[in-house]
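The values are calculated or read from the model by the stated rules, or taken from the named source; none is laboratory data. All of these numbers come straight from a predicted model, not from anything done at the bench. Cβ sites come from the backbone with ideal geometry, for glycine too, and all protein chains shown count toward neighbours.
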Amino acid sequence: MLEIKIPSPGESISEVEIANWFVADGDIVEKEQEIAEIESDKATLTLVADEGGKISIKANEGDTVAVGSVACTIDTSFASTAASSSPKAEAKEEAPKQEAKTTEATPIKSSDEFKDVKISPVAKKLMEENQLSVDDVIAGLHRLSKKDIEQVIENKGQAPAALAQPEPVERNIDRKKMSNLRKKLSARLVSVKNETAMLTTFNEVDMSAVMQLRKKYQKQFVETHDIKLGFMSFFTKAVSIALKAHPAVNSMMDGDEIITPNYMDVAMAVQTPKGLMVPVIRDTQNLSLADIERELMRLANKARSSKISLDEMTGGTFTITNGGVFGSLLSTPIINPPQSGILGMHNIVERPIAVNGKVEIRPMMYIALSYDHRVIDGKDSVGFLVKIKELIENPHRMITMGQDPDSLLLGI
């Protein structure tokens, strides 16, 4: 009988909450199978079966349990039974697959009732390969979607009168308990508002240069680095250079002292099913655009799958949050303590602006810097945003760490 105990998510954490069981009591599990998800006030972790066998659950979903306590037991004597049955199951699954491969696509006839239904070539081929008629497909539709109705309206010019009646809606209220992670996040947000002198300054950025770079070199970038070139890598690189030019923005308070690291560990706010998580990309001042994209992808995937560690979410010196992916035009992001600054990116919108005395339509983005005025003065906060603007509008300056290439060439 093997005991699966609650692991420690990190220092100072003594208890966690059982968020989800992926298996039921009495199920046969395999070795290294994910069986449960536990949640603390700092991170979400996954429990894995060390061996295969029959599982006996000792803690229910929603229960708060101590670190080191037994979450479940596994009777490993059932492991051989599970292993011996799996090849048969695989063989049964293989047979239909092989049979499907040898089955040739043959035309399927439908009843006269649906003889006028239009079918696209791709859909027709798929139906023939799976031996489905129009009758089978229509019978398999459980409900009509909004898209279906709109398609009928577009084709016929009017909707049936019966469909115009609104459906009755039951007046219910959904109530669920807040998770430990959500409780901790709520407390931190309130404390930031109450314990810091937070201000926000704004600027706008012309995204034309970066968008043209991405459009021109995206294919070559993917072929070379095996990852797409996004906007986040440009802003992360620009932030690293701007932090070096304005080190106060990279500082934080520690009692009566102000600490200013000489490195840049940039945290990225990532929305996950469990709430907001902020993984950290270390030493961004030394990373290329491709390195940043790869690390961001790795950390974001781990955060969304609840496999990220506590170490990967601690120690950041500055944070970037991108509300633009959800359509936000403008916002005032909240500082991620103990940091003193956070950059907010927003939606890219084509707007008329003045360029050399003429009105032009350009893709523009509002950017916002929320900062703790106890640590960062107005001059540094405004200068930091201006440096970000200069680097994004002239991305080649990132090669020269923000300096004008012509000035460097001329030595002036």
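Of all residues in the range 6-58, how many are outside any strand (DSSP E or B), of a type outside the set (Val, Ile, Thr) and in contact with a Ser or Thr (Cβ under 6 Å, 6 or more places away or on another chain)?
2
Mind listing whichever residues of the range 242-252 are aliphatic (A, V, I, L, M) and either on the phi > 0 side of the Ramachandran plot or surrounded by fewer than 22 Cβ atoms within 10 Å (Cβ to Cβ) (or both)?
Looking only at the range 242-252, we keep the residues that are aliphatic (A, V, I, L, M), and these are 242-243, 245, 248-249, 252.
Answer for the range 242-252, where residues must be aliphatic (A, V, I, L, M) and either on the phi > 0 side of the Ramachandran plot or surrounded by fewer than 22 Cβ atoms within 10 Å (Cβ to Cβ) (or both): ALA245, ALA248, MET252.
Kindly indicate whether any position in the range 351-374 is under 29 Å from ALA248 (Cα atoms), in contact (Cβ under 8 Å) with a residue 40 or more places away in the chain and among the charged types (D, E, K, R). Please lay out each step first, then the result.
From the range 351-374, those under 29 Å from ALA248 (Cα atoms) are 364-374; that's our starting set.
Keeping just the survivors that are in contact (Cβ under 8 Å) with a residue 40 or more places away in the chain gives 364-374.
Next cut, among the charged types (D, E, K, R) only: 372, 374.
Scanning the range 351-374 turns up at least one residue that is under 29 Å from ALA248 (Cα atoms), in contact (Cβ under 8 Å) with a residue 40 or more places away in the chain and among the charged types (D, E, K, R).
Search the range 55-79 for residues that are under 21 Å from GLU15 (Cα atoms) and pair each with any residue that is among the aliphatic types (A, V, I, L, M) and surrounded by fewer than 18 Cβ atoms within 10 Å (Cβ to Cβ) when their beta-carbon atoms are under 6 Å apart and the residues are at least 6 apart or on different chains.
LYS58/VAL70; THR73/MET1
Which members of the range 254-288 meet the condition of being over 22 Å from GLY341 (Cβ atoms) and at pLDDT 90 or above?
SER288
Which pairs have Cβ atoms under 7 Å, sit 6 or more apart or on different chains, and link a residue in the range 165-190 that is farther than 17 Å from ASN20 by Cα and not assigned by TED's automatic domain parsing to the domain that holds PRO338 to one that is loosely packed, with under 10 Cβ neighbours inside 10 Å and modelled with pLDDT under 85?
From the range 165-190, no pairs qualify.
Quick check on the range 177-193. Is at least one of its residues exposed (fewer than 10 other Cβ atoms within 10 Å of the Cβ), at pLDDT below 95 and more than 30 Å from GLY255 (Cα to Cα)?
Scanning the range 177-193 turns up at least one residue that is exposed (fewer than 10 other Cβ atoms within 10 Å of the Cβ), at pLDDT below 95 and more than 30 Å from GLY255 (Cα to Cα).
Going through ILE320, ILE308 one at a time, which residue ends up being within 27 Å of SER191 (Cβ to Cβ), assigned to a strand (DSSP E or B) and touching a residue at least 60 places away in the same chain (Cβ under 8 Å)? Working first, answer last.
Numbers: ILE308 fails: assigned to a strand (DSSP E or B).
Step by step, each of ILE320, ILE308 is checked, and only ILE320 is within 27 Å of SER191 (Cβ to Cβ), assigned to a strand (DSSP E or B) and touching a residue at least 60 places away in the same chain (Cβ under 8 Å).
For (1) part of a loop (DSSP other than H, G, I, E, B); (2) among the aliphatic types (A, V, I, L, M), each residue gets a yes or a no:
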| site | (1), (2) |
| --- | --- |
| LYS237 | no, no |
| ILE241 | no, yes |
| ALA248 | no, yes |
| PRO261 | yes, no |
| MET264 | yes, yes |
| ASP291 | no, no |
| LEU296 | no, yes |
| ALA300 | no, yes |
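Would you check if TYR371 is surrounded by 16 or more Cβ atoms within 10 Å (Cβ to Cβ), touching a His at 6+ places or on another chain (Cβ under 9 Å), in the same structural domain as LEU243 (by TED's automatic domain parsing) and modelled with pLDDT of 95 or more? Walk me through how you get there before you give the answer.
Working: surrounded by 16 or more Cβ atoms within 10 Å (Cβ to Cβ): yes; touching a His at 6+ places or on another chain (Cβ under 9 Å): no; in the same structural domain as LEU243 (by TED's automatic domain parsing): yes; modelled with pLDDT of 95 or more: yes.
The answer is no for TYR371.
How many residues does the range 39-77 contain that are basic (Lys, Arg) and either touching a helix residue (DSSP H, G or I) at 6+ places or on another chain (Cβ under 6 Å) or under 14 Å from MET1 (Cβ atoms) (or both)?
First, the residues of the range 39-77 that are basic (Lys, Arg): 42, 54, 58.
Okay, now just the ones that are also either touching a helix residue (DSSP H, G or I) at 6+ places or on another chain (Cβ under 6 Å) or under 14 Å from MET1 (Cβ atoms) (or both), so 54, 58.
Final tally of qualifying residues: 2.
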